[in-house]
Amino acid sequence: MEFGILSIAIPLLTIVLAIITKDVIVSLMGGIFAGLLVLNGYNPFTAFTALFNGAINQFAQGWITKTILFTLFVGAIIALLEQSGAVKSFVAFLDRYSKKIDSPIGAQMLAYITGVVIFIESSITSLVAGTVAKPLCDRNGVSREKLAYICDSTSAPICSLIPLNAWGALLLGLIVTAVDGKVIQGEGISLLIASIPYNFYAIFTLIIVLVVIYKKWEIGPMKHAVAVTAIKEEHHSDASSPALLPMLLPILTMVLSVPAVLYITGNGDIFKGSGSTSVYYATIITLTLMYLYYVVTKRLTHRSFFDTLFKGMGEMLPIAAILLFAIFIGKVIGDLGTAKYLASILNGNISPVVMPMLIFLVSGLTAFATGTSWGTFSIMMPIALALGASMGLDIPLVIAAVISGGIFGDHASPISDTTIISSMAAGCDHVEHVRTQLPYALTGGILASLAFLATGFLTI
């Protein structure tokens, strides 16, 4: 059955709801309900029951359940790193040896490297990078605005380029759904890995940050950002003993476990392994090791470990709900035939050469308006993949256009959670962070747009 313009109206409604309510879960549920209303003959009772029954039915698919549990377990890992004092010990270690990097460039590079190394989740990336580098930045006359920019610019970009985390699990799930639905062909993991070199916004952003650090490239409001005078009390005078292992061991365990499980589930071929199974077991292995290590070394007691574990899982419930409904709305959009309808309109009217750039820009606008890259991925990925398949586009390029656009819009959005967290981590006024970061985000966006246009020309 063809739904015509209604198939486009549903994702647009979801975006509008996100702008109005500033609530991603409510917006996704509203979009799903509207879509189910259309699919069920405008019977509100049937659509209502289909919404909540459909949410439960998502758990019938193993990869969805594993991905959601993985998200909850990541929350537990983050909470345990904090509660055990691992983060404080890590900061104390760096602070003890900070004289070796006690310079403006060294302080900024500390934030940059910390942001790149800790890629398990964008929020903890920003929080740790800001916490570690703030005292050193204050001592060396680096403004809090610049620190917030560095934290923000190494969180989502690095999480998307090294997708051994919840980002990768979500993206892989969206791609696998399209493969299972015969929308596109190929292996989910192979397609996601192949898209990484095309993730132009993330790549350009990481390069621009290095230019800003080493060339002191200050543009727009960043020229007028004033450094905070060194604040002595912000040095870590607590009893935390300097140590790297409590922080790095769990992270390294999780990172190394993912390819190992991919190899096992792929019967010796890492590219044919199960991504959802890999990240799921990686977090279980990591939590098991953390229990043994933290309890034996008396960083945590048995009871405090599990109290913290469940508390951390609880804090990730909103993210898990977003993930669940994000996958659900992708299915609804697919059932409505949104992509097919768009393809019928665009075919012959818009050159396939410009489509990667247009996908990037539309994804960017969606993320900017809603403040969420994950919501953008969930809305745009099913549409973009179907469009790409029907127009003969390079699928990894299409995937990268959605990812880059989602990060670009989220990076520039004042209502993005990562933007807000980066402001908090650096101790920077949020409005000032948005103002000073925007010129750099737009620079990366322009460069990425040109790169997608050029790559579209070369690959079509």
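The values are calculated or read from the model by the stated rules, or taken from the named source; none is laboratory data. All values reported here derive from a predicted model rather than from experimental measurement. We place every Cβ from the backbone using ideal geometry, glycine too, and count neighbours over all the protein chains shown.
Remark: Pro157 falls outside the filter, which requires a residue to be touching a residue at least 24 places away in the same chain (Cβ under 8 Å), in contact with a Pro (Cβ under 8 Å, 6 or more places away or on another chain) and within 13 Å of Tyr440 (Cβ to Cβ).
Being of a type outside the set (Lys, Arg), in a helix (DSSP H, G or I) and modelled with pLDDT of 90 or more holds for only one residue in Val332, Val353, and it is Val353. Restricting Ala386, Ala448 to those that are small (Gly, Ala, Ser) and touching a Lys or Arg at 6+ places or on another chain (Cβ under 8 Å) reduces the list to Ala386.
The residue of region 24-49 that is farthest from the chain's Cα centre (by Cα), among those that are under 15 Å from Ser378 (Cβ atoms) and surrounded by fewer than 19 Cβ atoms within 10 Å (Cβ to Cβ), is Val26.
Summed over region 419-460, residues that are more than 17 Å from Ala202 (Cβ to Cβ), part of a helix (DSSP H, G or I), in contact (Cβ under 8 Å) with a residue 40 or more places away in the chain and β-branched (Val, Ile, Thr) total 3.
When Lys22, Lys66, Lys100 are checked against the criterion of being over 30 Å from Val142 (Cα atoms), of a type outside the set (Phe, Trp, Tyr) and at pLDDT below 80, a single residue qualifies: Lys22. All conditions in (1) surrounded by fewer than 21 Cβ atoms within 10 Å (Cβ to Cβ); (2) touching a Leu at 6+ places or on another chain (Cβ under 7 Å); (3) not hydrophobic (A, V, I, L, M, F, W, C) hold for Thr71, with the sole exception of (1). Here Phe119 meets each of (1) touching a helix residue (DSSP H, G or I) at 6+ places or on another chain (Cβ under 8 Å); (2) under 26 Å from Gly371 (Cα atoms); (3) of a type outside the set (D, E, K, R); (4) in a helix (DSSP H, G or I) with one exception, condition (4).
Of all the residues in region 274-301, those that are among the basic types (Lys, Arg) and within 23 Å of Val261 (Cβ to Cβ) number 0.
Within the option set Leu110, Leu13, Leu72, being closer than 30 Å to Glu315 by Cα, part of a helix (DSSP H, G or I), touching a residue at least 40 places away in the same chain (Cβ under 8 Å) and within 28 Å of the chain's Cα centre (by Cα) holds for one residue only, Leu72.
Filtered by the rule that a residue be modelled with pLDDT under 85, of a type in the set (Gly, Ala, Ser) and closer than 26 Å to Leu80 by Cα, region 244-277 gives Gly275, Ser276. You will find that of Leu147, Leu171, the residue that is of a type outside the set (Phe, Trp, Tyr), in contact (Cβ under 8 Å) with a residue 40 or more places away in the chain, crowded, with 24+ Cβ neighbours inside 10 Å and under 27 Å from Gly337 (Cα atoms) is Leu171 and no other. Filtering region 51-68 to residues that are assigned to a helix (DSSP H, G or I) and without any contact (Cβ under 8 Å) to a residue 12 or more places away in the chain leaves Phe52, Asn53, Ile56, Asn57, Phe59, Ala60, Thr65. Inspection of region 369-389 finds no residue satisfying the criterion of being without any contact (Cβ under 8 Å) to a residue 40 or more places away in the chain, more than 20 Å from Leu323 (Cα to Cα) and not in a loop (DSSP other than H, G, I, E, B).
When region 377-396 is limited to residues that are surrounded by fewer than 24 Cβ atoms within 10 Å (Cβ to Cβ) and either β-branched (Val, Ile, Thr) or at pLDDT 90 or above (or both), the one that is nearest to Ser195 (Cα to Cα) turns out to be Pro396. The residues on offer are Phe360, Phe325, and the sole one that is under 25 Å from Gly456 (Cβ atoms) and of a type outside the set (Val, Ile, Thr) is Phe360. Considering every residue within region 293-301, establish whether at least one is surrounded by 13 or more Cβ atoms within 10 Å (Cβ to Cβ), in contact (Cβ under 8 Å) with a residue 40 or more places away in the chain, among the basic types (Lys, Arg) and not in a helix (DSSP H, G or I). Checked region 293-301: at least one residue is surrounded by 13 or more Cβ atoms within 10 Å (Cβ to Cβ), in contact (Cβ under 8 Å) with a residue 40 or more places away in the chain, among the basic types (Lys, Arg) and not in a helix (DSSP H, G or I). With the condition kept exactly as written, say whether any residue in region 308-319 is in contact (Cβ under 8 Å) with a residue 60 or more places away in the chain, closer than 15 Å to Leu245 by Cα, more than 18 Å from the chain's Cα centre (by Cα) and assigned to a helix (DSSP H, G or I). So far as region 308-319 goes, no, none of its residues is in contact (Cβ under 8 Å) with a residue 60 or more places away in the chain, closer than 15 Å to Leu245 by Cα, more than 18 Å from the chain's Cα centre (by Cα) and assigned to a helix (DSSP H, G or I). Within the set Ile284, Ile213, the sole residue that is assigned to a helix (DSSP H, G or I), within 28 Å of Trp374 (Cα to Cα), among the aliphatic types (A, V, I, L, M) and at pLDDT 90 or above turns out to be Ile284.
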